[in-house]
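The values are calculated or read from the model by the stated rules, or taken from the named source; none is laboratory data. Predicted model, so just to flag it, every value in this text is computed and none were measured. Cβ placement follows ideal geometry from the backbone for every residue including glycine, while neighbour counts extend to all protein chains displayed. Note: accessible area is taken over every heavy atom of the protein model, side chains too, but ligands, DNA and RNA are not part of it. Shrake-Rupley method; radii C 1.70, N 1.55, O 1.52, S 1.80 Å.
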Amino acid sequence: MADDILPESDRLDGAPHPRDAAQLFGHSAQEAEFLAVATSGRLPHGWLLTGPKGVGKATFAWRAARYLLATPPAQHDSLFGAPPPPTSLDVDRDHPVAHRIAALSEPGLFLLRRPWQEKEKRLATQLTVDEVRGLKGFFHMSAGSHARVVIVDSADEMNASAANALLKELEEPPEGAVLFLISHRPSVLLPTIRSRCRTLRFDALGDADLASALAQAGAEPPEGAALAALAQGSVGAAITLAEQGGPQLYSQLIHVLGTLPAMDRQLALKLADATVGKGNEARFDLTLNLLDTALSRAARFGATGQTPPEIVPGEAAILRRLAPSLAQAREWANLAQSLTARARRGKAVNLDPAALVFDIFLDLDRMAARLAA
């Protein structure tokens, strides 16, 4: 397989890579905060970019990298005084740095991500210490540059050895080095890594920004309430949902929940079987994510007594029946968290995904029967 068509672990199927995005939508406050710090002369070495997956964290990291590498240090003692500070992270797309970054040939940039394993013909499942050790050579070779930028996408995928190796670089960073750690779940990171980074939080996009970001990615804006509601302000989620038939799958999951505690076993088996086979890895993750969404919505209703706007017809009545009280809401919330986590652990050690998903349905059925007794 040629290098230019190798799968990229930090690229979503059906969408351009974040380094190719011309604009960042919905996060002007985050850009302004970073720019103010960058122009102050006191730029932190470590930045932790947190928030839901697919809302623009990686796009921001690539924009910030282009800015840092293309913007020379301010000269305060020139004959005509210091130039005005930049007011934007925008870099001309024809700038040499922009061209080199687009081609992944910029010597001042190091991208840390899960690699392609040629022997196994698949992406590695984790970021390992071997990839992190490459930073030593990068910092040595780029010594003397006014800026050196590292993008870690995503930091959540590091194993323990990789995390400890990265921590050492954060503790003693070389001069001019800036590390952007992209994290969808910062709670899984070492507390010492979090403490050595300045955090920028990226929230879900509003409907208008989501539509603009999808248009930039060459994707259709979400049609109907179901896709927009399920995407929850995430460009990545909207693209995945559209590609995988997310609204239809969510409707089927709600139907199964509506039959508890006399579960529709035929449909449950059909949904479980759809996660098996080559190319269905994404379907497994989507099924778990949408189950999380449905059960979280049920738990939220039980906790607040407020019925959320329906994503599919009849959903509100099903959620009310499943979790009519705060006590039952807690039961569903706790069970949902443990079941999907267990299924993901099982998938990681190559257990049958269909069996893992069907076991979840059985556990949900038993829970519904117990709560109804």
Completion exercise
the range 289-329 accessible area per residue, 1.4 Å probe, protein heavy atoms, integer Å², reads 45
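I'd like the carbon and sulfur percentage of the solvent accessible area for the range 67-219, probe radius 1.4 Å, heavy atoms only, ligands and nucleic acids excluded. Could you put the intermediate results ahead of the total?
Working: 4430 of 8370 Å².
After summing per-atom areas, the C and S share lands at 53 percent.
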Exercise for the section: On a 0 to 90° scale, report how tilted helix 353-372 is relative to the longest principal axis of the chain, with both axes built from alpha carbons and the result rounded to the nearest 10. Expected result: 60
Practice task
Alpha carbons only, please: Rg and Dmax for the chain, in angstrom.
Solution key: 23.0, 84
Handout entry: Relative compactness, the range 173-237, computed as alpha-carbon Rg over 2.2 N^0.38 Å
Key = 1.52
Practice task
Report the extension gain between residue 95 and residue 199 in nm, rounded to one decimal, defined as 0.36 nm multiplied by the number of residues separating them, less their alpha carbon distance.
Solution key: 34.6 nm
Practice task
With label points built 7 Å along Cα→Cβ from the Cα atoms of residue 351 and residue 6, find their separation and express it in nm.
Solution key: 3.3
Completion exercise
Probe 1.4 Å, heavy atoms of protein chains only: per residue, the accessible area of the range 162-221 in Å² is 50
Problem - For the range 260-309 versus the range 340-373, the gap between their alpha-carbon centres in whole angstrom - result: 11
Exercise for the section: Just the number, please: carbon plus sulfur as a percent of the accessible area of the range 247-360, 1.4 Å probe, no ligands or DNA/RNA counted. Expected result: 53
Practice task
May I ask you to list the residues of the range 4-32 whose amide nitrogen lies under 15 Å from a point 7 Å from Cα along the Cα→beta-carbon direction of residue 102?
Solution key: 16-23
Practice task
Starting from one equal scatterer on each C-alpha and no solvent at all, send me the Debye-based log10 I(q)/I(0) for the range 55-194 at q = 0.08, 0.09, 0.10, 0.19 Å⁻¹, two decimals.
Solution key: -0.25, -0.32, -0.39, -1.22
Exercise for the section: Tell me which residues come under 5 Å, amide H to amide H, from residue 177 once H is placed; ignore anything under 5 positions away on its chain. Expected result: 148
Practice task
With everything on Cα atoms, drop me the angle between helix 28-38 and the longest principal axis of the chain, reported from 0 to 90° to the nearest 10.
Solution key: 30
Exercise for the section: Over the alpha-carbon set of the range 218-373, divide Rg by the Kirkwood Rh and report the Rg/Rh ratio to two decimals. Expected result: 0.95
Exercise for the section: Measure nothing fancy, just the Cα-based angle from helix 160-171's long axis to the longest principal axis of the chain, in degrees from 0 to 90, nearest 10. Expected result: 40
